[in-house]
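Remarks on the structure that follows.
The values are calculated or read from the model by the stated rules, or taken from the named source; none is laboratory data. In this text the structure is predicted, and so the values were computed from the model without any measurement. Please note: Cβ atoms are built from the backbone with ideal geometry, for glycine as well, and neighbour counts cover all protein chains shown.
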Amino acid sequence: MLLHIPQVLSKAEVAEIRQRLDAAGWVDGLQTAGAQAASIKQNRQLAVDSPAFAELSPRIAEALRRHPLFMSAALPKYILPPMFNRYENGGHYGNHIDNAIQVDRFSGRQVRTDVSTTVFLSEPDEYEGGELIAEDSYGCHEVKLAAGDAIVYPSTSLHRVEPVRAGVRIASFLWTQSLVRDAWQRAMLFDLDMTILRLRQQIGDNAEVVALTGHYHKLLQQWAE
Ligand code: NI
């Protein structure tokens, strides 16, 4: 399941973050690439030991935690510190699957990557190319969202970023360990949660809606780890 999460950040928040990022120190993205990724990755990343990173990374994580759609879809147990990348001058990242385990460099904790998230910080008309292409069981999806919006997809998906032919594409990306490891179970829970939400809006909390809500929580209790 690929899910579009609208307005994780307001346009004012995006403008403020962009201003901070434009003045920050960027390093070669190869510094965080494994051997296989090194040959296909060409971008820059915000230095993780920079003051800008210390200020902005928690802001992205907090914005996602405030968003009910993200919380319902990702069911986060642990959100790794969001990173920032910058693609320009033909920069790209070829087809790859993200590492299954990442180490949080700040806490030293090993985190299983279940859910990948990209928060777009450039408007689509600021750059040419740069689409995120992600594959799921229904085929290939091309993603290029408004600044402040995010896409969430299983970390097991093959994905790439197309070359940025003109302009600059800035985004934040992060991994989440979910309470529910299996992407299909997470998608089931998300669909059920959204259906209950719409039923509550339509008919209120009658006995059947309360029973369905109980069913959601029993499934979560069975599947969460
Ligand atoms: Ni990736």
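So, MET83, is that one under 15 Å from the mean Cα position of the chain (by Cα) and surrounded by 15 or more Cβ atoms within 10 Å (Cβ to Cβ) or not?
Answer is yes for this residue.
Name the single residue that is farthest from the ligand (Cβ to nearest atom) among those in the stretch 85-97 being assigned to a loop (DSSP other than H, G, I, E, B) and under 26 Å from ARG20 (Cβ atoms). Step through it out loud before you land on a result.
Of the residues in the stretch 85-97, the ones assigned to a loop (DSSP other than H, G, I, E, B) are 89-91, 97.
Then drop every residue that is not under 26 Å from ARG20 (Cβ atoms), which leaves 89-91.
Numbers: ASN89: 20, GLY90: 18, GLY91: 14 Å.
Residue satisfying both the conditions and the ranking: ASN89.
Going through the stretch 167-191 one residue at a time, which ones are more than 14 Å from the ligand (Cβ to nearest atom), within 30 Å of ARG44 (Cα to Cα) and of a type in the set (A, V, I, L, M)?
Within the stretch 167-191, VAL168, ILE170, ALA183 meet the criteria.
What number of residues within the stretch 101-132 satisfy the criterion of being in a strand (DSSP E or B) and surrounded by fewer than 13 Cβ atoms within 10 Å (Cβ to Cβ)?
3
Is it the case that the stretch 70-80 has a residue that's aromatic (Phe, Trp, Tyr) and assigned to a strand (DSSP E or B)?
At the first step, the residues of the stretch 70-80 found to be aromatic (Phe, Trp, Tyr) are 70, 78.
Now drop any that are not assigned to a strand (DSSP E or B), which leaves 78.
Taking every residue of the stretch 70-80 in turn, at least one turns out to be aromatic (Phe, Trp, Tyr) and assigned to a strand (DSSP E or B).
Looking for something outside the structural domain of LEU64 (by TED's automatic domain parsing), modelled with pLDDT of 95 or more and among the basic types (Lys, Arg) - is there at least one such residue anywhere in the stretch 164-180?
Taking every residue of the stretch 164-180 in turn, none turns out to be outside the structural domain of LEU64 (by TED's automatic domain parsing), modelled with pLDDT of 95 or more and among the basic types (Lys, Arg).
Kindly provide the set of residues from the stretch 179-195 that are without any contact (Cβ under 8 Å) to a residue 24 or more places away in the chain and surrounded by 16 or more Cβ atoms within 10 Å (Cβ to Cβ), ordered by number.
Hits for the stretch 179-195: nothing passes.
Can you name the residue in the stretch 1-30 that is of a type outside the set (A, V, I, L, M, F, W, C) and in a helix (DSSP H, G or I) and, of all such residues, is surrounded by the fewest Cβ atoms within 10 Å (Cβ to Cβ)?
This residue is GLN19.
Looking at LEU75, LEU69 in this structure, which one is of a type in the set (A, V, I, L, M, F, W, C) and on the phi < 0 side of the Ramachandran plot? Don't jump to the end; show me each part of the working.
On the way: LEU75 fails: on the phi < 0 side of the Ramachandran plot.
Checking each option against the conditions leaves just LEU69.
Could you please tell me which pairs satisfy a Cβ distance under 6 Å, a separation of 6+ or placement on different chains, a first residue in the stretch 10-33 that is at pLDDT below 90, and a second residue that is of a type outside the set (Phe, Trp, Tyr)?
Qualifying pairs under 6 Å: GLY25/ALA47; GLY25/SER50; GLY29/LYS41; GLY29/ASN43; GLY29/ARG44; GLY29/GLN45; LEU30/ALA38; ALA33/LYS41.
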